[in-house]
Amino acid sequence: MALTSTNTLTITSILISFLFLPKFYSSEFTKGHLPVIISDVDLLEFPLNLEFLEAEFFLYGSLGHGLDKVAPNLTQGGPTPIGAKQANLDHFTQDIIKQFAFQEVGHLRAIQKIVKGFPRPLLDLSKESFAKVVDTAFGGKLTPPFDPYANGINFLLASYLIPYVGLTGYVGTIPKLEAPASRRLVAGLLAVESGQDAVIRAYLYEHAHEKVKPYGLTVAEFTHSFSELRDKLGHVGCKDEGLVVPLSKGAEGEVTGNVLAGDEDSVAFDRTAEEILRIVYATGNEHNPGGFYPKGGNGRIARYYLP
């Protein structure tokens with residue numbers, strides 16, 4: 001059949017449209033049945049760094065063992081964390097943290113269903129590692145050194161340091177994703193991470209004005225100092241708030257309680273991968289690993305910044 005000018009125009013339009021379709025990774029980079037756009041892969045893999053941290057901290061804290069026993073396949077052969085151990089938790093707190101732990105196992109699996117991922121990075125979850133971060137937050141050494149595994153309040157204060165960073169990272173990631181499957185995954189992860197952060201903050205808020213033994217500092221003062229430290233390390237202004245804030249910073253300028261952190265419109269703050277690395281490395285520099293990641297994070301984004 002002879003081609004008419006209309007046929008030719010239609011075929012040409014279709015061919016041109018193919019040139020502008022988003023490119024998808026092959027199965028070498030993705031594992032699921034849903035297509036993932038090239039630019040989404042690194043963005044989806046980067047959060048594995050924080051998900052590994054959360055999973056291991058919560059698993060060890062509640063059960064005394066980690067992914068090597070619970071889901072060794074998800075570690076992809078990465079090294080066992082340093083210094084993690086079971087915390088001295090009351091039954092209620094242990095139950096909550098155990099729930100968080102297995103939720104994080106699910107998060108790791110959900111991400112690795114879609115993208116290939118990478119081996120668990122080396123994590124330093126020792127009490128000494130946490131003590132250094134806490135000392136930095138207060139501008140001097142606490143005596144005795146802060147031990148996240150000593151009791152429930154200490155463990156929840158240490159937990160305050162973790163899910164919120166991942167939460168803000170997910171908020172910052174969603175607008176950069178192109179594929180609907182990618183956005184759906186991260187939105188789902190964000191929802192549960194936000195819930196974990198809300199539970200931690202709500203529990204700590206109930207004890208906000210109680211003193212953390214033996215330091216003579218209140219729970220609210222701890223959270224304020226931790227939030228100030230994250231802002232300082234992130235180098236991008238105020239994206240963090242403690243449990244009690246000045247009236248001018250409370251929701252609509254009407255309250256000083258701050259059980260959920262948000263901007264002037266009570267919308268969640270966002271952070272970039274670079275900001276997150278500066279915070280979790282505890283160095284304020286995405287090129288200089290340390291803190292909970294003595295050898296740096298894994299994946300193309302984190303490794304790009306390493307010397």
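Computed from Cα positions, the angle between helix 48-63 and the longest principal axis of the chain comes to roughly 40 degrees. With both labels modelled 7 Å from their Cα along Cα-to-Cβ, the Gln86 to Thr256 distance reads 4.1 nm.
Surface analysis of the range 141-275 yields an accessible area of 44 Å² per residue, using protein heavy atoms and a 1.4 Å probe. The simple spin-label model puts a point 7 Å past each Cα toward its Cβ; for Asp263 and Lys113 those points are separated by 3.2 nm.
Placing unit charges on the Cβ atoms only, positive for Lys and Arg and negative for Asp and Glu, gives the chain a dipole magnitude near 980 debye about its Cα centre. Stokes-Einstein diffusion for the range 165-307 at 25 °C, viscosity 0.890 mPa s, with a Kirkwood radius from C-alpha pairs, works out to 150 µm²/s. By a 1.4 Å probe calculation restricted to protein chains, His224 has an accessible surface near 90 Å², given to the nearest 10. Structure remark: mean-square fluctuation, Gaussian network model of the chain, C-alpha springs under 10 Å; the largest value among Val41, Val115, Val70 belongs to Val70. Note on the chain: with a GNM built from Cα contacts shorter than 10 Å, the maximum mean-square fluctuation among Glu264, Glu193, Glu45 falls on Glu264. Under a 5 Å amide H cut-off, with hydrogens placed 1.01 Å from N, Ala179 pairs with Ile37 among residues at least 5 apart or on other chains. Taking amide H atoms as placed 1.01 Å from N in the peptide plane, the amide H of Tyr293 lies under 5 Å from those of Asp124, each 5 or more residues away in sequence or on another chain. Which shape class applies to the range 205-258: rounded if a/c is under 1.5, otherwise prolate when a/b exceeds b/c and oblate if not, where a ≥ b ≥ c are the square roots of the Cα gyration tensor eigenvalues? Judged from the Cα gyration tensor, the range 205-258 comes out oblate (a/c at least 1.5, b/c at or above a/b).
Here the relative contact order of the chain, from alpha carbon pairs under 8 Å that lie six or more residues apart, stands at 18 percent. Relative contact order, whole percent, for the range 116-192 stands at 18, derived from Cα pairs under 8 Å and 6 or more residues apart. State whether the chain is rounded, prolate or oblate according to the following rule on the C-alpha gyration tensor (a ≥ b ≥ c being the square roots of its eigenvalues): a/c under 1.5 gives rounded; otherwise a/b larger than b/c gives prolate, and the remaining case gives oblate. Prolate.
Under the criterion of Cα pairs below 8 Å and six or more residues apart, the relative contact order for the range 219-270 equals 28 percent. Under a Gaussian network description of the chain, with springs only between Cα atoms under 10 Å, the residue in Leu277, Leu177, Leu50 that fluctuates furthest is Leu177.
Does anything in the range 37-58 have its amide N under 15 Å from the 7 Å Cα→Cβ label point of Glu178, and if so which residues? So the set is 37-44. Computed over protein heavy atoms with a 1.4 angstrom probe, the accessible surface ordering of Tyr149, Tyr60, largest first, is Tyr60, Tyr149.
The values are calculated or read from the model by the stated rules, or taken from the named source; none is laboratory data. Here the structure is a predicted model, which is why all the values come from computation and not from measurement. Here Cβ is always computed from backbone atoms with ideal geometry, including for glycine, and neighbour counts include all displayed protein chains. Ligands, DNA and RNA are excluded from the accessible area calculation, which covers all protein heavy atoms including side chains. Shrake-Rupley method; radii C 1.70, N 1.55, O 1.52, S 1.80 Å.
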